[in-house]
Amino acid sequence: MIIPSFSSRVPSSLPPNRLAQAVARRRASGRGLIDLTASNPTAAGFRYPDGLLDALAAERNLEYAPDPSGIEEARAAVADEFARRGTRVSPGRIVLTASTSEAYSYIFKLLCDPGDDVLVPQPSYPLFEWLTRFEGVGAVPYRLEYHGRWRVDAAAIAAARTPRTKAILAVNPNNPTGSYFTRADVAALAQTAPGLPLVGDEVFWDFPLPDAPRDRASVLESGGELVFSLGGLSKSAALPQLKLGWIAIGGTDANVAAARERLELIADAYLSVSTPVQTAAATLIAAGPALRDQISARTARNLSALAVAVEQHPALNLLKPEGGWSAIVRVPATTTEEDLAVALAEEDGVLVHPGYFFDFEQEAFIVISLIVPPADFDEALARVLRRVAGGAVSSGGGSRSV
């Protein structure tokens, strides 16, 4: 048998981890499992407008007339979204993609040669490890520190930068910390590493929680010489299955023009965004507020219930999120995060993310989703509390704001 030689960009083997094995055993046993890691809004019980997808069936979609950056009307609809948020971006500074992940791949192709690196926040979304690796790019972490709220450690950025560092990635609000950047934060980020492009993942921008700063700011407001803001329908309109993302480019006119020209070349090699989703973009984006209202009500309700429950257990600590769909709870380090997550899945029927999935520097943390339907959330939270705090507590319908 001939064994193929695979790229070093993919692992030599892909065995399931202990948590995946525990989840498989639980499901194979026929016992229920409440998923407190849920991130799919289409499976979370939200009501979508009737006829929302009708625009995808327009007769004009039978004609294929691709534009590498995306058709003008779709880019104009995205520009209107930025205007709603208070940020002016012309359609000529927008490039459409099939997803935020693809947007990252375009930007890494634009900015990096193989062997270069980018700075990524820690803790943050674990997908960065793979998105960079698939492009032959290194991911170098810089710390986020929690002192009542999460802040960037500027000294860590300066220490992490090397001659091969080509960009700073900033998630705004971060996943899973839920921390937004303020105007002062984005300006300081641009000033900390002058000359480095700033890439802001702002997919959760429209989901502020009660502790969100009033002066939260897009990376496009940083004053940096080359800045990218990423977004998409996946979160803003709760439509991950329709596969439309975008890159908005900011900075000096000369830098923006040079970046857009090259991004257009990259996009032209793939032409991955379908015609129907582009012609329907304005309609789909316009449906966003109705979904965002439902999601925001759900996340606020569940966060309030979580805060009330945590307050009844001094051994627990809620690291207050400012936005997004997740919350972090520090739990007693009586066992490893992995052992805790495995026990919760296999014995208690609750799936949580252990903190090490997001590269927390120390233990013990769990990360839980706030978009889970309330009844499931309350039941799962009660089981988690019995496991980590040694006693049940009423967690339903907490009304205390956090």
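The values are calculated or read from the model by the stated rules, or taken from the named source; none is laboratory data. Owing to the predicted nature of the structure, the values given are computational and were not obtained by experimental measurement. Every residue, glycine as well, gets a Cβ built from its backbone with ideal geometry; the counts of neighbours run over all protein chains shown. Note: areas computed on protein heavy atoms with side chains; ligands, DNA, RNA excluded. Shrake-Rupley method; radii C 1.70, N 1.55, O 1.52, S 1.80 Å.
Things worth noting here:
- For segment 118-146, a residue qualifies if it is part of a strand (DSSP E or B) and within 25 Å of S12 (Cα to Cα), and the qualifying residues are V118, V120, G138, A139, V140, P141.
- Those residues of segment 71-127 which are among the polar types (S, T, N, Q), open to solvent by less than 10 Å² (accessible area, probe 1.4 Å) and out of contact with any helix residue (DSSP H, G or I) (no Cβ under 6 Å at 6 or more places or on another chain), in sequence order: S124
- Here V277, V308, V273 are screened, and the one residue that is in contact with a Lys or Arg (Cβ under 9 Å, 6 or more places away or on another chain), open to solvent by 10 Å² or more (accessible area, probe 1.4 Å) and under 24 Å from S105 (Cβ atoms) is V273.
- The set of residues from segment 172-225 being among the charged types (D, E, K, R) and part of a strand (DSSP E or B) comprises D201, R216.
- Meets criteria (loosely packed, with under 13 Cβ neighbours inside 10 Å, of a type in the set (A, V, I, L, M, F, W, C) and under 23 Å from V372 (Cβ atoms)) for A24: no
- Test: A375 is touching a Leu at 6+ places or on another chain (Cβ under 7 Å) and either part of a helix (DSSP H, G or I) or crowded, with 21+ Cβ neighbours inside 10 Å (or both): no
- Number of the condition not met by W130 [criteria: (1) surrounded by 21 or more Cβ atoms within 10 Å (Cβ to Cβ); (2) under 30 Å from F360 (Cα atoms); (3) aromatic (F, W, Y)]: (1)
- Some residue of segment 94-102 being closer than 25 Å to R216 by Cα, in a helix (DSSP H, G or I) and without any contact (Cβ under 8 Å) to a residue 24 or more places away in the chain: no
- Within the set I368, I266, the sole residue that is buried (at least 23 other Cβ atoms within 10 Å of the Cβ), modelled with pLDDT of 95 or more and out of contact with any Pro (no Cβ under 6 Å at 6 or more places or on another chain) turns out to be I368.
- Scanning segment 280-302 for residues that are open to solvent by less than 40 Å² (accessible area, probe 1.4 Å) and closer than 18 Å to G245 by Cβ yields A280, A281, L284, I285, A287, G288, L291, R292.
- Some residue of segment 79-86 being without any contact (Cβ under 8 Å) to a residue 12 or more places away in the chain, of a type in the set (A, V, I, L, M, F, W, C) and in a helix (DSSP H, G or I): yes
- Residue within segment 349-358 that is farther than 26 Å from Y142 by Cβ and in a helix (DSSP H, G or I) present: no
- Which numbered condition A343 fails, given (1) modelled with pLDDT under 95; (2) surrounded by fewer than 16 Cβ atoms within 10 Å (Cβ to Cβ): (1)
- Hits in segment 1-55 - residues which are within 23 Å of N302 (Cβ to Cβ) and among the polar types (S, T, N, Q): T37, S39, N40, T42
- Scanning segment 67-78 for residues that are part of a helix (DSSP H, G or I) and either within 13 Å of S229 (Cβ to Cβ) or of a type in the set (D, E) (or both) returns E72, E73, V78.
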